[in-house]
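Could you have a look at this structure, given as structure tokens, before my questions?
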Amino acid sequence: MKRVIIVATLLAGVAAQLGAQQPDSVRARQIRDSIELVRELERMRGDTTRRAMGPQLPPINPRLMPDLSAIADIVGDLSPKGSTQEDATRFAVREVELAIAANVDPYFRADFILGLSDEEGIAIEEAYGTALALPWQLQARIGRFHMPVGKQNTTHRAELHTLEYPYVIQRFLGAEGLKGTGLWISKILAPFGFYQELQVTAVDRFGEADENLLTENPPNKDLAGLGLSARLRNYWDFSESTNLELSASAITGKREQPFNFRLTPPAPDVNAVLARQALYGADLTFRWRPLQQGLYKSFIAQAEFIRQLNARDADPDYLGPSRDFSGAYGFARWQVSRRLHVGGRYDWLEDPELAGETFTAGSGYLEWFPSEFSKLVLAYEHAMPKGVTATNRILLQATFAVGPHRPHPF
């Protein structure tokens, strides 16, 4: 618009000079031509004087195009005694995540994350709407999401600091983390002078259904069978470069457990009963990133403990867990340079898959970040299940992201 005004001023000045030397008819025609030229320039710019004088509207997206992004997670297994991957491949695209996100209207934002893999085809990883205008500064999601249980479960596998979830999460929550479909409500508080966040959820069921177990009724037939969880996060800033997060989590719900019906089962193919299961745990995260060297130096230390509580049935035909299990991990990562990090993790677990026998593992990681959109990882793991031969794993990972990928969880 400034250019239009300048052009108009110059044209008016020229017209005035010519008008002083020419008859009124010629002068009037020149003024009209100048005005028409200014109007044509305004039409070409899509502006008018009235719009310029009115309120400035924010940019709009007339085609309503959402943000699109994709993350490829590629893994290579160089373990000396054969591949340790589920599909027995040495190199594979473990998963491609396609994310679609946009504001629906002033009240909701929608996020859709699809997982594409050779084994599962297309799966809905997450699909939820977030309410943007709730009272009392509440935030709510409705749909499918990673459950806020523990620290690392809310992070997608391709975005972990390690190649896979800690073993306590794999055994208690699932190899790809725990997801749920339902309602999530959270609120940030600060009654004691430091930040807290309370997250509660109610979902259709606790964990995925086991295809090999069939019960007479689904867990969600009664409201008591829904999956219910709560997490309280506490956050402290010790200095401009150091902070600490301490959280506690719990979840409960009914799950299918194997049962040997010696007599006629209540329905054909029924081989399981519903039994309540609960988890509770705590996680601690320490972060250090100096202001002046934040691009080159940082340190993070993290630990998490989870205990699984299982309902025991006195019936001898009940084949489900007969005890409770516990597990934990400790992780640390040091930033060596702007793009290079080294890290390590120690896992300890009373393994449900080994009847509660102790399982331990130590792993080391060398991570290189060419940019925030790519990552290359070299990992070594030494797993030591009690009573079973120890295994050594050598893994490679490459992840590539395109588009406005979502920020990493804090």
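Which of the residues belonging to segment 121-136 are of a type outside the set (Ser, Thr, Tyr) and in contact with a strand residue (DSSP E or B) (Cβ under 8 Å, 6 or more places away or on another chain)?
Ile122, Ala123, Ile124, Glu125, Glu126, Ala127, Gly129, Ala131, Leu132, Leu134, Trp136, listed by residue number.
Of the conditions (1) closer than 27 Å to Gly150 by Cβ; (2) of a type outside the set (D, E, K, R); (3) at pLDDT 90 or above, Ser337 satisfies every one except a single condition; which number is it?
Result: Ser337 passes all but (1).
Has segment 275-296 got at least one residue that is modelled with pLDDT of 90 or more and farther than 30 Å from Phe331 by Cα?
Yes - at least one qualifying residue is present in segment 275-296.
Related question: Only one of (1) touching a Phe, Trp or Tyr at 6+ places or on another chain (Cβ under 7 Å); (2) under 24 Å from Gly403 (Cα atoms); (3) at pLDDT 95 or above is not met by Glu367, so which one is it?
So Glu367 meets the others, but not (1).
Given the criteria hydrophobic (A, V, I, L, M, F, W, C), at negative phi and part of a strand (DSSP E or B), does Leu183 qualify?
yes
Which residues, taken from segment 221-248, are in a strand (DSSP E or B) and either of a type in the set (A, V, I, L, M, F, W, C) or in contact with a helix residue (DSSP H, G or I) (Cβ under 9 Å, 6 or more places away or on another chain) (or both)?
Gly227, Leu228, Ala230, Leu232, Trp236, Leu244, Leu246, Ala248 - these are the residues of segment 221-248 that are in a strand (DSSP E or B) and either of a type in the set (A, V, I, L, M, F, W, C) or in contact with a helix residue (DSSP H, G or I) (Cβ under 9 Å, 6 or more places away or on another chain) (or both).
Do we have Gly207 as touching a His at 6+ places or on another chain (Cβ under 8 Å), within 25 Å of Gly327 (Cα to Cα) and in a loop (DSSP other than H, G, I, E, B) here?
No.
Collect the residues in segment 211-229 that are hydrophobic (A, V, I, L, M, F, W, C), closer than 13 Å to Ala275 by Cα and surrounded by fewer than 14 Cβ atoms within 10 Å (Cβ to Cβ), keeping them in residue-number order.
Ala224
Kindly indicate the residue of segment 241-286 that is surrounded by fewer than 17 Cβ atoms within 10 Å (Cβ to Cβ) and of a type in the set (D, E, K, R) and also nearest to Leu213 (Cα to Cα) among those meeting that condition.
Going through the qualifying residues, I end up with Asp269.
Turning to a different aspect of this structure: Kindly provide the set of residues from segment 126-163 that are charged (D, E, K, R), at pLDDT 95 or above and within 12 Å of the chain's Cα centre (by Cα), ordered by number.
If the condition is that a residue be charged (D, E, K, R), at pLDDT 95 or above and within 12 Å of the chain's Cα centre (by Cα), then Glu126, Arg144 are the ones that fit.
Are any residues in segment 178-193 aromatic (Phe, Trp, Tyr) and either surrounded by 15 or more Cβ atoms within 10 Å (Cβ to Cβ) or touching an Asp or Glu at 6+ places or on another chain (Cβ under 8 Å) (or both), and if so, which ones?
Trp184
Are there any pairs, at least 6 apart or on different chains, whose C-beta atoms fall under 8 Å, with the first in segment 254-271 and without any contact (Cβ under 8 Å) to a residue 24 or more places away in the chain and of a type in the set (Ser, Thr, Tyr) and the second exposed (fewer than 12 other Cβ atoms within 10 Å of the Cβ) and part of a loop (DSSP other than H, G, I, E, B), and if so, which?
none
Something else now. When segment 100-158 is examined, which residues are found to be of a type in the set (D, E, K, R), open to solvent by 70 Å² or more (accessible area, probe 1.4 Å) and not in a loop (DSSP other than H, G, I, E, B)?
Arg109, Arg144
Could you check segment 230-240 and list, in sequence order, the residues that are open to solvent by less than 60 Å² (accessible area, probe 1.4 Å) and under 24 Å from Gly150 (Cα atoms)?
Correct list: Ala230, Arg231, Arg233, Asn234, Tyr235.
Looking only at segment 194-210, filter to residues that are over 17 Å from the mean Cα position of the chain (by Cα) and buried (at least 20 other Cβ atoms within 10 Å of the Cβ); which one of those is modelled with the lowest pLDDT?
This residue is Gly207.
Also, I was wondering about something else. Output the number of the condition that Pro191 fails; it satisfies all remaining conditions of (1) in a loop (DSSP other than H, G, I, E, B); (2) touching a Ser or Thr at 6+ places or on another chain (Cβ under 9 Å).
Among (1) in a loop (DSSP other than H, G, I, E, B); (2) touching a Ser or Thr at 6+ places or on another chain (Cβ under 9 Å), Pro191 violates only (2).
The values are calculated or read from the model by the stated rules, or taken from the named source; none is laboratory data. Keep in mind that this is a model prediction, so the values were computed, not measured. Methodologically, a virtual Cβ is constructed for each residue, glycine included, from the backbone with ideal geometry; neighbour enumeration extends over all protein chains shown. Heavy atoms of the whole protein, side chains included, go into the accessibility calculation; ligands, DNA and RNA do not. Shrake-Rupley method; radii C 1.70, N 1.55, O 1.52, S 1.80 Å.
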